[in-house]
Amino acid sequence: MRWAFLFPGQGSQYVGMGADLYERSGTARETYDEAVDVLGWDVREVSFEGPEEALRATDRTQPAIFVHSVAVWRILEERGVSPEVVAGHSLGEYTALVAAGCLSFEEGLKLVALRGKLMHEAGERRPGKMAAVIGLADDEVRRLCDEAEGEVVAANFNAPGQVVVSGEAGAVDRVVERARRHGARRVVLLKVSGAFHSPLMEEVGEALKEAIDGTTWSEPRVPVIPNVTARPTKDTAELKRCLVAQLTSPVRWTETLYALGEMEVDGALELGPGHVLQGLVRRTLPGFKVAGVDMWEDVERLEEG
C-alpha cells in the first residue's frame with residue numbers, strides 16, 4: 001500500500017492516550033522516556049493520567065500530541081510501513097516534518113514545546129476563542145467574519161461546510177450568533193486556550209522564527225503538504241516559512257486533502273490520538289481509503305491488512 005500519513009493537531013488529545021503503546025512497545029517507551037528528558041516534565045503522566053484540565057493546557061497539549069504521534073510513526077516505521085507523502089493539521093505539521101526526515105525527534109519536540117509555551121502565553125495576554133461553524137459555505141463564513149465588529153477570521157477550512165473561526169471572544173460570539181441566524185447546521189465552541197491561526201498570535205512569530213532558523217534541517221525524504229499553501233513540496237526554505245506563517249494563517253485542510261487525492265497514493269493513515277482527521281477525509285474525499293493508528297490494536301489491525 002502507498003500511504004499518505006496524516007498527523008492530528010490540538011483538540012485530538014484525551015486522557016490515557018499512548019498508555020497502551022507505552023506498555024506494549026519498546027519503541028513507544030523509548031520515545032516517551034526520551035521526551036521526558038528533553039521537556040523536563042513528565043509527558044507520560046500528563047498523557048496517561050491527566051487530569052483533563054492539565055492535558056488541555058496548550059503548553060502541555062502540544063508536546064503530548066506530538067510525542068504520541070511520533071511514537072505511532074516510529075512503530076510503523078520499524079514494521080516497514082512508510083509514507084509516500086505527509087501532512088499535519090496545524091500542530092501536526094511538525095510531526096509530519098519529523099516523519100519526512102526534515103527534523104529529528106528532539107529538535108521537533110523542542111520547537112513544539114516552544115510553540116506551545118508561546119501560544120499559551122499569547123492566549124493569556126490576548127484572550128480569544130475558536131468555534132467550528134458547520135453547514136455554511138466557506139465564503140459565507142468569511143463574509144460573516146469580515147462584517148463582524150472586532151478581530152475575527154476564518155482560521156481552519158477543515159472540510160466542505162466545516163470552517164473554524166478564531167479571534168477575540170466577543171467577535172467570535174457575534175459570528176456564532178449570526179451563523180446560526182444564517183442557517184448553520186451546528187456551531188461548536190472549541191476547547192482551546194487561545195485564538196489560534198488569527199492575528200492574535202502575531203507576537204509569537206518572531207521568537208518561533210528565530211528558533212526554526214536555529215534548528216538543523218534536512219532535505220525531506222517525501223513531499224510535505226504545508227497548511228499555508230496546501231501544495232506538496234520538498235523545499236526546506238518554503239517549509240520553514242510556512243511554519244511561521246501558519247501561526248496567523250488559515251489551515252487550508254480541505255485543499256490539502258484535495259491535493260492528496262490527486263497524488264499516487266492508495267489511502268491515508270491518521271497517526272496519533274483520536275479520529276478527527278479520518279472524519280474530515282471521509283467528508284472531503286468520499287470513497288478514499290482512510291484508517292487510524294492510535295492504539296496498539298490499530299497497529300495489529302493494520303498488520304493483518
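The values are calculated or read from the model by the stated rules, or taken from the named source; none is laboratory data. Fair warning: this is a prediction, and the values are worked out from it, not measured in the lab. Neighbour counts are summed over all protein chains in view; Cβ atoms, including those assigned to glycine, are modelled from backbone coordinates with ideal geometry.
General observations
- Whichever residue in segment 262-289 is among the hydrophobic types (A, V, I, L, M, F, W, C) and under 17 Å from the mean Cα position of the chain (by Cα) and, among such residues, is surrounded by the fewest Cβ atoms within 10 Å (Cβ to Cβ): Val276
- Of all residues in segment 86-112, those that are in contact (Cβ under 8 Å) with a residue 60 or more places away in the chain, under 27 Å from Leu257 (Cα atoms) and touching a helix residue (DSSP H, G or I) at 6+ places or on another chain (Cβ under 8 Å) total 17.
- Looking at Ala71, Ala54, Ala87, just one residue is of a type in the set (Gly, Ala, Ser) and under 20 Å from Leu243 (Cβ atoms), and that residue is Ala87.
- Residues that are outside any loop (DSSP other than H, G, I, E, B) and either more than 25 Å from Pro127 (Cβ to Cβ) or out of contact with any Gly (no Cβ under 9 Å at 6 or more places or on another chain) (or both), drawn from segment 198-226: Val204, Gly205, Glu206, Ala207, Leu208, Lys209, Glu210, Ala211, Ile212, Asp213, Val224, Ile225
- Among the residues making up segment 236-281, those that are among the acidic types (Asp, Glu) and either touching a Pro at 6+ places or on another chain (Cβ under 9 Å) or free of Cβ contacts under 8 Å to residues at least 24 places away in the same chain (or both) are Glu238, Glu262, Glu270.
- Entirely in segment 119-197, the strands (runs of 3 or more DSSP E) that have 1 or more residues that are touching a Ser or Thr at 6+ places or on another chain (Cβ under 8 Å), free of Cβ contacts under 8 Å to residues at least 40 places away in the same chain and among the hydroxyl-bearing types (Ser, Thr, Tyr): 162-168
- Some residue of segment 163-178 being buried (at least 19 other Cβ atoms within 10 Å of the Cβ), at pLDDT below 95 and either within 30 Å of Gly40 (Cα to Cα) or not acidic (Asp, Glu) (or both): no
- Positions within segment 243-278 being in contact with a strand residue (DSSP E or B) (Cβ under 9 Å, 6 or more places away or on another chain) and within 18 Å of Asp138 (Cβ to Cβ), in sequence order: Ser249, Pro250, Val251, Arg252, Trp253, Thr254, Glu255, Thr256, Leu257, Ala259
- Which listed residue is in the same structural domain as His89 (by TED's automatic domain parsing), at pLDDT below 95 and in a helix (DSSP H, G or I), from Glu300, Glu255, Glu264: Glu300
- Taken as a whole, the structure places Ala137 among residues that are surrounded by fewer than 21 Cβ atoms within 10 Å (Cβ to Cβ) and modelled with pLDDT of 95 or more.
- Lys191 surrounded by fewer than 22 Cβ atoms within 10 Å (Cβ to Cβ) and in contact with a Gly (Cβ under 9 Å, 6 or more places away or on another chain): yes
- Scope segment 81-105; condition surrounded by fewer than 22 Cβ atoms within 10 Å (Cβ to Cβ) and either under 16 Å from Gly267 (Cα atoms) or among the basic types (Lys, Arg) (or both); matching residues: Val81, Ser82, Glu84
- Evaluation of Arg115 against (1) surrounded by 24 or more Cβ atoms within 10 Å (Cβ to Cβ); (2) within 30 Å of Glu303 (Cβ to Cβ); (3) not hydroxyl-bearing (Ser, Thr, Tyr) (one fails), failing number: (2)
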